[in-house]
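This is the structure, below, for whatever I ask next.
The values are calculated or read from the model by the stated rules, or taken from the named source; none is laboratory data. What you see is a predicted model; the values in this text were computed from it and never measured. Every residue, glycine among them, receives a Cβ derived from its backbone with ideal geometry; neighbour counts consider all protein chains shown. Please note that ligands, DNA and RNA were not included when accessible areas were found on the heavy atoms of the full protein model with its side chains. Shrake-Rupley method; radii C 1.70, N 1.55, O 1.52, S 1.80 Å.
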Amino acid sequence: MTVTVLLILLVLAGVLALLRWRRCSWALLASAVTLLLAAGCGPLPIWLLARLQSNHAASAPIDWGQRNAIVLLGAGTVRAAGSGEVEASLFAYGRIGKAAELYRACRRAGRECKIEVSGGDALGRGRSEAAVYADDLQRLGVEAADLLLEPRSMNTWQNAQFSGPLLKAYGADRVLLVSSAYHLRRATLYFAHFGVRATPVPADHVDGVLSWLPLSYNFAMADLALHEYSGIVRYHLYNAMGWNVRATRPGSL
């Protein structure tokens, strides 16, 4: 996203220079250089990610209910080179580990607990995220009977939409939402729209890196943050336009 904007600014600056609109051309060129340095050298992604993750700096002690649901949101899958087996992506393991950690804590507290794994096969790997992650969770000691799979969702909105009925059928009185810290603000917003009051639990955090030279990593982190902000803005815009499905009454899980 940021690289695309950068290229557009440079092309427009070149076109305006050819048309002899030198002031506009220099203004666009200066904007492109500013974006290059702000994004590539770290200040922009650091600022954007800090605002996204500020409310999820650490997990508070969990006040367990009688029937607890830990909702694990997917982060993609990959096909292993050589074997062709479908595995959780690099970005998913923090979330899987955190869900298993919460499950063990819940069981130690003597409470009933389920892990709802939400995620379909958005990348066309042949297996849903829910199925792949469920295998990993069982290897980490989660009982198969304590897994609820939601294998249809292709994005965060559908994670929330399709999880609601599963959580209602289970009768959860406490819902924990596990995802990366940068993703939780948007995810909790979507889940609330479908009547699910969820406590966000961060599995991992990300940040930009200050550098004298522009880094591709910083551009990737800036795009990651902008994707989340655009999803939040889109949600509110669609609500204002009446394009979202009708919100479920909060607490009607």
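Scanning the range 108-163 for residues that are in contact with a Ser or Thr (Cβ under 6 Å, 6 or more places away or on another chain) and hydrophobic (A, V, I, L, M, F, W, C), which turns out nearest to R185 (Cα to Cα)?
Ranking the candidates gives F162 first.
Also, I was wondering about something else. Against the condition of a type in the set (K, R), open to solvent by 20 Å² or more (accessible area, probe 1.4 Å) and in contact with a helix residue (DSSP H, G or I) (Cβ under 7 Å, 6 or more places away or on another chain), how does K114 come out, does it pass?
Values: of a type in the set (K, R): yes; open to solvent by 20 Å² or more (accessible area, probe 1.4 Å): yes; in contact with a helix residue (DSSP H, G or I) (Cβ under 7 Å, 6 or more places away or on another chain): yes.
Spelling it out, K114 is indeed of a type in the set (K, R), open to solvent by 20 Å² or more (accessible area, probe 1.4 Å) and in contact with a helix residue (DSSP H, G or I) (Cβ under 7 Å, 6 or more places away or on another chain).
Can V3 be described as touching a helix residue (DSSP H, G or I) at 6+ places or on another chain (Cβ under 7 Å) and within 13 Å of P214 (Cα to Cα)? Let's see the steps before the verdict.
Working: touching a helix residue (DSSP H, G or I) at 6+ places or on another chain (Cβ under 7 Å): yes; within 13 Å of P214 (Cα to Cα): yes.
Against the criterion (touching a helix residue (DSSP H, G or I) at 6+ places or on another chain (Cβ under 7 Å) and within 13 Å of P214 (Cα to Cα)), V3 qualifies.
The conditions are (1) within 26 Å of F219 (Cβ to Cβ); (2) touching a residue at least 60 places away in the same chain (Cβ under 8 Å); (3) under 16 Å from the mean Cα position of the chain (by Cα), and V71 fails exactly one of them. Which is it?
Status for V71: all satisfied but (1).
Next question. List every residue pair whose Cβ atoms lie under 9 Å apart, where the two residues are 6 or more positions apart in sequence or sit on different chains, the first residue falls within the range 181-209 and is on the phi > 0 side of the Ramachandran plot, and the second residue, located anywhere, is assigned to a loop (DSSP other than H, G, I, E, B).
G195/A247; G195/T248; G195/R249; G195/P250; G195/G251; G195/S252; G195/L253
Another question, if that's okay. H227 fails exactly one of the following numbered conditions: (1) under 17 Å from L72 (Cβ atoms); (2) within 14 Å of the chain's Cα centre (by Cα); (3) open to solvent by 80 Å² or more (accessible area, probe 1.4 Å). What is the number of that condition?
That leaves (1) as the condition not met.
Also, I was wondering about something else. Considering only the range 217-247, how many residues are in contact (Cβ under 8 Å) with a residue 12 or more places away in the chain and not charged (D, E, K, R)?
Count: 15.
So which residues in the range 109-132 are at pLDDT 95 or above, under 18 Å from A69 (Cβ atoms) and either of a type in the set (A, V, I, L, M) or assigned to a helix (DSSP H, G or I) (or both)?
I115, V117, E129, A130
Is it true that some residue in the range 240-250 is more than 30 Å from E112 (Cβ to Cβ), part of a helix (DSSP H, G or I), open to solvent by 30 Å² or more (accessible area, probe 1.4 Å) and modelled with pLDDT under 95?
yes
Then there's this: Which of the residues belonging to the range 133-161 are closer than 20 Å to E228 by Cα and not β-branched (V, I, T)?
S153, M154, N155, W157, Q158, N159, A160, Q161
If you don't mind, there's one more thing I want to ask. Residues of the range 133-171 being open to solvent by less than 70 Å² (accessible area, probe 1.4 Å), of a type in the set (S, T, N, Q) and either modelled with pLDDT under 95 or in a helix (DSSP H, G or I) (or both), which ones?
Residues satisfying the conditions are T156, Q158, N159, Q161, S163.
Could you figure out which of (1) in contact with an Asp or Glu (Cβ under 9 Å, 6 or more places away or on another chain); (2) more than 30 Å from V233 (Cβ to Cβ) isn't true of E116?
Tallying (1) in contact with an Asp or Glu (Cβ under 9 Å, 6 or more places away or on another chain); (2) more than 30 Å from V233 (Cβ to Cβ), E116 fails exactly one: (2).
Right, next: Looking only at residues in the range 179-219 that are part of a loop (DSSP other than H, G, I, E, B) and among the β-branched types (V, I, T), which one is most open to solvent (accessible area, probe 1.4 Å)?
Taking the candidates together, the pick is V209.
Only one of V78, V71, V33 is more than 23 Å from V201 (Cβ to Cβ) and touching a strand residue (DSSP E or B) at 6+ places or on another chain (Cβ under 6 Å). Can you tell me which?
On the way: V71 fails: more than 23 Å from V201 (Cβ to Cβ); V33 fails: touching a strand residue (DSSP E or B) at 6+ places or on another chain (Cβ under 6 Å).
Sole residue among the options that is more than 23 Å from V201 (Cβ to Cβ) and touching a strand residue (DSSP E or B) at 6+ places or on another chain (Cβ under 6 Å): V78.
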